[in-house]
Amino acid sequence: MTERRAILSGSVFEERIGYARAVVDGDRVHVSGTTGYDYATMTISDDVVEQAEQCLRNIGDALAEAGCGFEDVVRVRYLLPAREDFEPCWPVLRRRFGDVRPAATMMVCGLADPRMRIEIEVCARLPQTR
């Protein structure tokens with residue numbers, strides 16, 4: 001039987017909607033679409049680059065709790081309401097993923113709250129040294 005474990009960040013959205021920030025399923029880690037909310041204060045910046053940085057902090061926390069890190073990411077999806085907001089985020093994204101080179105997709109779509117300017121979802125593998 002494969003181990004399945006939910007990781008919760010404490011976001012009110014997880015409780016209201018009924019999902020987990022991440023799910024560890026065997027050696028796979030699936031991190032839900034993550035926005036730029038600072039879950040400690042439930043605030044969100046107006047700046048898309050700051051939101052991207054916060055997304056990555058939130059994702060990093062979930063990956064760490066799962067037992068892995070950005071170096072273990074194999075897939076990333078970027079969701080943005082405005083296509084022109086993507087390029088300003090590239091330097092931030094490259095700092096985390098430039099050496100890892102996960103498979104990636106960017107989609108333009110609506111997000112749940114008009115203040116949200118980027119959402120990032122990742123999948124990772126737990127390190128083999130477990």
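The values are calculated or read from the model by the stated rules, or taken from the named source; none is laboratory data. On a predicted model such as this, the values are computed, not experimentally measured, just so you know. Because the Cβ atoms are built from the backbone with ideal geometry, glycine has one as well, and the counts that use them run over all protein chains shown. Heads up: the accessible areas ignore ligands, DNA and RNA and are worked out on the full protein's heavy atoms, side chains in. Shrake-Rupley method; radii C 1.70, N 1.55, O 1.52, S 1.80 Å.
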Expressed in Å to one decimal, the Kirkwood Rh of the range 1-120 from all distinct alpha-carbon pairs is 14.7 Å
In whole Å, largest first, the alpha carbons of the range 54-103 cover along the principal axes 34, 20, 15
Expressed in nanometres to one decimal, the distance between label points 7 Å along Cα→Cβ at E87 and R101 is 2.4 nm
For the range 20-87, averaging the sequence separation of alpha carbon pairs under 8 Å that lie six or more residues apart and dividing by its residue count, the contact order in percent is 24 percent
Quick calc, the chain, dipole around Cα centre from Cβ unit charges on Lys, Arg (+) and Asp, Glu (-), nearest 20 debye, gives 420 debye
Residue span E65 to R16: 0.36 nm per residue of separation minus Cα-Cα distance leaves a gain in nm of 15.4 nm
Relative contact order of the chain (C-alpha contacts under 8 Å, at least 6 apart) in percent is 30 percent
Farthest towards the positive end of the dipole of the chain, among P88, A62, A40 and with Cβ unit charges of +1 on Lys and Arg and -1 on Asp and Glu, lies the Cα of A62
With 0.36 nm assigned to each residue of separation and the Cα-Cα distance removed, R94 to T43 gains 15.9 nm
With all protein chains present, the range 35-82 has a carbon and sulfur share of its accessible area (1.4 Å probe) in percent of 46 percent
